[in-house]
């Protein structure tokens, strides 16, 4: 899948930066058809920690860069975005599938997305949940993580600080137990997710919650995020 407005791999990358850790499943057949669930808030309350006002345009740009990278990654069959009706056109234009969220909240969005993905996924395929605020993510990084995840029924990637979670994966009938939020890394580990040892510099681990998070990723941001910042599509960013 590709997006004519700009490839996710146009960003600079130091490679996939990924190794695997933890026990490996024996004789797990390869998974090539992943369905990726990406929850996106898609309202004026998105990225409220950026400051007062409406930061939704910037948040949507970051989510669009995340989705574009996921769509271009090797092994991805479908990207399923769970978002509001108002934000859905952004992702339809990218070629993603969209499920309109009726019940607010991250947990509700993920639950809806995973349930839909189960219906859509092929036998032997995998289902992943990827957070939508990873504007420096490249398709190479994401594809490498999915390749490593094939070896484990359940796998995860922690965020850069090691406390939150950026990605969870399930293959070959394993059942997801998503618990995104503060301290989710430990919760996911306790639920049986095997950590994938991804470099802390990877775009897959560098989520954006605050303006300073964007500053750290300068020069690596996706094209839509760069355009949103240049056009002033945010309420407050010093």
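The values are calculated or read from the model by the stated rules, or taken from the named source; none is laboratory data. Nothing here was measured: the structure is a model prediction, and the numbers come from that model. Positions of Cβ are generated from backbone atoms using ideal geometry, with glycine treated the same way; all protein chains shown enter the neighbour counts.
Scanning the stretch 171-203 for residues that are touching a residue at least 60 places away in the same chain (Cβ under 8 Å) and under 25 Å from residue 122 (Cα atoms) yields 171, 172, 176, 178, 194, 195, 196. Residues in the stretch 152-178 that are over 29 Å from residue 220 (Cα atoms) and in a loop (DSSP other than H, G, I, E, B): 152, 153, 172, 173, 174, 175, 176, 177. In the set (1) under 24 Å from residue 42 (Cα atoms); (2) in contact with a helix residue (DSSP H, G or I) (Cβ under 9 Å, 6 or more places away or on another chain); (3) part of a helix (DSSP H, G or I), residue 213 fails one condition alone, (2). Could you list all residues from the stretch 94-116 that are part of a loop (DSSP other than H, G, I, E, B) and either within 15 Å of the chain's Cα centre (by Cα) or surrounded by fewer than 17 Cβ atoms within 10 Å (Cβ to Cβ) (or both)? Those that are part of a loop (DSSP other than H, G, I, E, B) and either within 15 Å of the chain's Cα centre (by Cα) or surrounded by fewer than 17 Cβ atoms within 10 Å (Cβ to Cβ) (or both): 95, 96, 102, 103, 104, 105.
Rundown of residues vs (1) modelled with pLDDT of 95 or more; (2) closer than 27 Å to residue 229 by Cα, yes/no style:
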| site | (1), (2) |
| --- | --- |
| 51 | no, yes |
| 56 | no, yes |
| 76 | yes, no |
| 100 | yes, yes |
| 108 | yes, no |
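Taking the stretch 117-145, which residues are part of a helix (DSSP H, G or I) and either more than 17 Å from residue 173 (Cβ to Cβ) or free of Cβ contacts under 8 Å to residues at least 40 places away in the same chain (or both)?
Residues satisfying the conditions are 118, 119, 139, 140, 141, 142, 143, 144, 145.
Only a single item in (1) out of contact with any helix residue (DSSP H, G or I) (no Cβ under 7 Å at 6 or more places or on another chain); (2) modelled with pLDDT of 95 or more; (3) closer than 25 Å to residue 122 by Cβ; (4) surrounded by 20 or more Cβ atoms within 10 Å (Cβ to Cβ) is not met by residue 80, and it is number (1).
Residue-by-condition table, conditions (1) surrounded by fewer than 24 Cβ atoms within 10 Å (Cβ to Cβ); (2) within 29 Å of residue 58 (Cα to Cα); (3) in contact with a strand residue (DSSP E or B) (Cβ under 8 Å, 6 or more places away or on another chain); (4) modelled with pLDDT of 95 or more:
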{"residue": "136", "(1), (2), (3), (4)": "no, yes, no, yes"}
{"residue": "139", "(1), (2), (3), (4)": "yes, yes, no, yes"}
{"residue": "145", "(1), (2), (3), (4)": "no, yes, yes, yes"}
{"residue": "148", "(1), (2), (3), (4)": "yes, no, yes, yes"}
{"residue": "163", "(1), (2), (3), (4)": "yes, yes, no, no"}
{"residue": "168", "(1), (2), (3), (4)": "no, yes, yes, yes"}
{"residue": "182", "(1), (2), (3), (4)": "yes, yes, no, no"}
{"residue": "186", "(1), (2), (3), (4)": "yes, no, no, yes"}
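The selection criterion, being touching a strand residue (DSSP E or B) at 6+ places or on another chain (Cβ under 9 Å) and part of a loop (DSSP other than H, G, I, E, B), does not hold for residue 201. The single residue among 177, 218, 230 that is surrounded by fewer than 22 Cβ atoms within 10 Å (Cβ to Cβ) and at pLDDT 95 or above turns out to be 177.
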